[in-house]
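Okay, structure first, notes after.
The values are calculated or read from the model by the stated rules, or taken from the named source; none is laboratory data. From a predicted model like this one, the values you see are computed outputs, not experimental measurements. Glycine also receives a Cβ, built like all others from the backbone with ideal geometry; neighbour counts cover every protein chain displayed. SASA here: full protein model, heavy atoms, side chains in, ligands and nucleic acids out. Shrake-Rupley method; radii C 1.70, N 1.55, O 1.52, S 1.80 Å.
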Amino acid sequence: NVLEHGDVLIVFGASDVDLRTLEREREMLVKSGVMPLAVVEHNDRDVWASVRRLGLTYSLLADPKGAIGKAYGVYDTTSAHSRSAWFVIDRKGRVRQTGTEAPSSSWTAVSANALGHPLDGSTQTASTH
């Protein structure tokens, strides 16, 4: 259902610092057509507590049994948590880029690069001349 809103950046194994970083970039990501989504191995109550405590305004998805993490191949059954990983997925459901560590540049820059969009989120038109 998330892809109905555009391209998606899915982040697994995020710490509070990672979640806050996504929050700081949320507006720029959304303006560029990318919906941020973090998946955490908590129940709904704990997820809502994190949303309130951290002041998050993007989607935090509860995955208490790691089903989503398993589907993406990032869930570690030994620790019962997903490893740090991220996926940029276009609106057609194709994974365009993935990584296992937070990027050295911004999430907005990583997403724009993966999707072939200009960094400022504007659209470019080809010249007819």
Average accessible area per residue (Å²) across the stretch 1-73 - probe 1.4 Å, nucleic acids and ligands excluded: 55
Report the antiparallel proportion of the DSSP beta bridges in the stretch 1-87 as a percent, rounded to a multiple of 5. 35
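Any idea what the dipole of the stretch 44-120 comes to, in debye rounded to 20, about its Cα centre with Lys/Arg Cβ at +1 and Asp/Glu Cβ at -1?
Around 200 debye, computed over the stretch 44-120.
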Determine the dipole magnitude for the chain: charges of +1 sit on the beta-carbon of Lys and Arg, -1 on that of Asp and Glu, nothing else is charged, the reference point is the Cα centre, and the result goes in debye to the nearest 20. 160
Scan around H81 for amide H atoms under 5 Å from its own, H built in the peptide plane at 1.01 Å from N, and keep only partners 5 or more places away or cross-chain. D76
Pairs of alpha-carbon atoms within less than 8 angstrom and 6+ residues apart define the contacts here; what relative contact order does the chain have, in percent? 28
Fluctuation leader among V17, V30, V88 - the chain, Gaussian network, Cα springs under 10 angstrom: V17
With Cα springs under 10 Å, the Gaussian network model of the chain assigns the largest mean-square fluctuation among R45, R83, R24 to R45
Probe 1.4 Å, all protein chains in place: accessible area of Y72 in Å², nearest 10? 80
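Report Rg/Rh for the chain, rounded to two decimals, where Rg is the Cα radius of gyration and Rh the Kirkwood radius.
In the chain, Rg relative to Rh is 1.00.
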For I10, the accessible surface traced by a 1.4 Å probe with all protein chains present amounts, in square angstrom to the nearest 10, to 10
